[in-house]
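Let me begin by presenting the structure, written as structure tokens, before commenting on it.
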């Protein structure tokens, strides 16, 4: 599987992908019917996709140490960007279990995050 704008290859068993998502199952079948080496192109962040694969195998989402930044504020926004990118992957792949896990993480992060906008949305 090739992921990202600057392609990064991932080697993943077809069974893992096809059980996780109908979108990936169809892509795997199409790739396997091709006379060339099976490749699935997915336009998303490779680091986020790596977190998705880890979640598939362990059913645990660990982003606490994802991305190291100079300030707490940059770290805060990096977490939001990561969570929203992961939600986008789950939505694209139609993986409802993953979407639920990300929604839980987003709510947890929102509860722990200080309000920076002072009531303006």
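The values are calculated or read from the model by the stated rules, or taken from the named source; none is laboratory data. Values in this document were obtained by computation on a predicted structure and should not be read as measured data. Heads up, the Cβs are rebuilt from the backbone with ideal geometry, glycines too, and the neighbour counts pull from every protein chain shown.
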Exercise. Of the residues that sit in the range 59-113 and are at pLDDT below 80 and in contact with a helix residue (DSSP H, G or I) (Cβ under 8 Å, 6 or more places away or on another chain), which one is surrounded by the most Cβ atoms within 10 Å (Cβ to Cβ)?
Worked result: 63
For this session: Within the range 19-28, track down each residue that is surrounded by fewer than 16 Cβ atoms within 10 Å (Cβ to Cβ) and at pLDDT below 75.
Result: none
Exercise. Which ones in the range 34-50 are modelled with pLDDT under 75 and out of contact with any helix residue (DSSP H, G or I) (no Cβ under 8 Å at 6 or more places or on another chain)?
Worked result: 34, 35, 36, 37, 41, 43
For this session: Answer with yes or no whether residue 53 is modelled with pLDDT of 85 or more, over 22 Å from residue 12 (Cα atoms) and within 11 Å of the chain's Cα centre (by Cα).
Result: no
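What do you reckon, is residue 16 part of a helix (DSSP H, G or I), in contact with a helix residue (DSSP H, G or I) (Cβ under 7 Å, 6 or more places away or on another chain) and modelled with pLDDT under 85?
Numbers: part of a helix (DSSP H, G or I): yes; in contact with a helix residue (DSSP H, G or I) (Cβ under 7 Å, 6 or more places away or on another chain): yes; modelled with pLDDT under 85: yes.
So residue 16 passes the test.
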